[in-house]
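Below is one structure, written out as structure tokens; the observations come after it.
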Amino acid sequence: GPLGRVRGSAPWEEVMVGWSARMYPGTGWSSYRLMFSRGRDYTFGVRDRVNGADVTPGTVGAALRNISCAAKLPDMLDLFYAGEQLTFGRVTVDADGVTHKTVTLPWPRINAVTIVDGITLVIAAADGRKIAVGCGQVLDLNVLTQLIARVRAKR
């Protein structure tokens with residue numbers, strides 16, 4: 001909370017991290033939303049740019065994304081290889097590939113995953129098709145990008 005008091009806690013496996021990068025364009029702030037499996041949410045802003053210089057690696061937000069990824073990625077990989085469909089907000093991942101809305105990019109065709117200007121996740125296929133989705137619409141963004149990287153490396 002504002003005074004540093006703990007409002008609630010849960011194991012990382014029960015928390016989804018939502019990141020709305022650059023919530024105030026040009027100001028250097030990002031918004032984070034922690035969604036607890038028991039229904040509680042906590043939203044806050046984090047300064048990630050100062051005088052145009054990126055300070056994201058040292059912010060609370062970056063730490064949240066990294067810790068969440070470290071805690072969840074092994075289980076998510078196990079679920080993926082067990083044949084489960086995984087949902088990351090508006091993006092799903094399964095044995096067929098990565099899907100957003102009506103576009104599915106098959107695993108063998110995916111050749112790049114990037115975050116453009118800290119705002120948009122772009123997943124590109126070799127045939128020129130791509131998925132572009134706002135970072136704020138993807139839950140556990142770091143888990144998703146690392147999962148895609150690991151699956152691609154094994155194929």
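Structure data summary
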item	result
Two-site label geometry, ALA70 and THR102: point separation in nm, points 7 Å out along Cα→Cβ	4.3 nm
Proximal lysines relative to LYS72, as straight alpha-carbon distance under 21 Å, when same-chain residues fewer than 8 apart are discounted	LYS154
Per residue, in Å², the accessible surface of region 64-109 once ligands and nucleic acids are set aside, probe 1.4 Å	52 Å²
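The values are calculated or read from the model by the stated rules, or taken from the named source; none is laboratory data. On a predicted model such as this, the values are computed, not experimentally measured, just so you know. FYI the Cβ positions are ideal-geometry reconstructions off the backbone, even for glycines, and counts take in every protein chain you see. The accessibility values were calculated without ligands, DNA or RNA, using every heavy atom of the protein model including side chains. Shrake-Rupley method; radii C 1.70, N 1.55, O 1.52, S 1.80 Å.
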